[in-house]
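The values are calculated or read from the model by the stated rules, or taken from the named source; none is laboratory data. No experiment lies behind these values; they were computed from the predicted model shown. Quick reminder, even Gly has a Cβ in these numbers, built from the backbone with ideal geometry, and neighbours come from all protein chains shown. Just so you know, the surface numbers come from the protein's heavy atoms only, side chains and all, with ligands and any DNA or RNA stripped out. Shrake-Rupley method; radii C 1.70, N 1.55, O 1.52, S 1.80 Å.
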Amino acid sequence: MAFLDMQGVVYTYPGRPPVVDGVDWRIDAGEVHCLVGRSGCGKSTLLKLAAGLMQPRSGRILMRGEPVRAPGPQLGFVFQAPTLLEWARVIDNVLLPVSLQRRPRADDIDRALELLALLGLADRARHYPRQLSGGQQSRVALARALILEPPLLLLDEPFAALDAITRGELQDDLLRMCRLRRTTVLFVTHDITEAVYLGDHIVVMQRGRLLDTLRITLDAPRSQAMRHGAEFNRYCARVRAALDGDTA
Ligand SMILES: Nc1ncnc2c1ncn2[C@@H]1O[C@H](COP(=O)(O)OP(=O)(O)OP(=O)(O)O)[C@@H](O)[C@H]1O
Ligand SMILES: [Mg+2]
């Protein structure tokens, strides 16, 4: 049984043609799938459907065989914009998924501080979001998504606001954490090299449909040096060609 199974998924905003238009997609446990596609092709919409934030107009989405109905602790989600609570300190933003269930304990707070340290924000725990840079806010949102160690992580361009070096470091952190816990990941990005670096599968979306799937067989764990290798660049060229095939 697939971990996440989308079958004939269609979504339409009122009065518009479908923005997700018959998507079939199977993701096995522990896999990292990257979704790439041009702006407006439906990536964020598909991710929100996978999260249960919206329901498909037709078709269905199953997680471990059960229909996805609403987000819960089984799921970590990083939105395209960081969406932090402005009035809550960084530490309390990270602990939000715990607070929604129960009062955070000392070990929850330790885990939150550990995650913040891992993401280079050890000295920011008592700050408010407005006191952070955009990239730092994105990292807080990532820590919040990871705090409950969810089996499924959905990320919508989480590193788009970061410089190349920080982005590379966070990609490595993300892969390490997910491999450790065998987290299943669906990662939306515009960045072809990011998709090839992170993904073991890359799915190309075009006007609401999945156009192409590439299996990436680079060695794991990845290393930053791979980015300069011929094999890595061949994969990038293939993804690029698939995207260029989209002439809309
Ligand atoms: N709430 C909404 N109401 C109506 N149309 C919407 C709404 N949200 C998104 N759309 C439209 O649906 C289409 C797909 O949007 P979506 O946000 O899924 O694209 P995307 O692939 O994530 O784009 P980007 O790469 O720019 O983030 C776009 O044409 C967008 O204008
Ligand atoms: Mg989007």
Principal-axis tilt of helix 164-181 within the chain, Cα atoms, nearest 10 degrees: 90 degrees
Calculate the tail of P(r) for the range 85-149: the fraction of all Cα-Cα distances greater than 14 Å, expressed in %. 48 percent
Between 0 and 90°, nearest 10: helix 134-146 axis offset from the chain longest Cα axis: 90 degrees
Using only Cα atoms, locate the centre of the range 16-35 and the centre of the range 75-143, then give the distance between them in Å, rounded to an integer. 28 Å
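Evaluate the range 165-214: find the radius of gyration of its Cα atoms, find its Kirkwood radius, and give the ratio Rg to Rh. Provide the component values of the computation, followed by the final result.
Values: Rg = 12.1 Å, Rh = 12.0 Å.
Rounded to two decimals, Rg over Rh is 1.01.
Based on the mean of other beta carbon atoms within 10 Å per residue, what is the order of 118-130, 68-80, most packed first? Intermediate values should be presented prior to the final figure.
Details: 118-130: 15.5, 68-80: 17.8.
Going from most to least packed, we get 68-80, 118-130.
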ALA29 and GLN131 label points (each 7 Å along its Cα→Cβ direction) are spaced in nm at 4.2 nm
So, with points 7 Å from each Cα along the Cβ direction, the LEU100-TYR13 label distance in nm works out to 2.3 nm
What translational diffusion coefficient, in µm²/s and rounded to a whole number, does the Stokes-Einstein relation yield for the chain at 10 °C and a viscosity of 1.306 mPa s, taking the hydrodynamic radius as the Kirkwood radius over Cα pairs? 85 µm²/s
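I want the antiparallel fraction of DSSP beta bridges within the chain, as a percent rounded to 5. Provide the component values of the computation, followed by the final result.
Numbers: 19 of 37 bridges.
Around 50 percent of the beta bridges assigned by DSSP in the chain are antiparallel ones.
Can you figure out the FRET efficiency of SER44 with TRP87, using R₀ = 30 Å and their beta-carbon distance, to the nearest 0.05? Intermediate results must be reported in sequence, preceding the final value.
Numbers: r = 26 Å, r/R0 = 0.86.
The value I calculate is 0.70.
Arrange the residues ASP21, ASP173, ASP219, ASP92 by how much accessible surface each exposes, largest first, with a 1.4 angstrom probe. Write out the running numbers ahead of the final one.
On the way: ASP21 45, ASP173 20, ASP219 110, ASP92 75 Å².
So the residues, ranked largest to smallest area, are ASP219, ASP92, ASP21, ASP173.
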Rounded to a whole number, what % of the accessible area of the range 23-117 do carbon and sulfur atoms account for, probe 1.4 Å? 52 percent
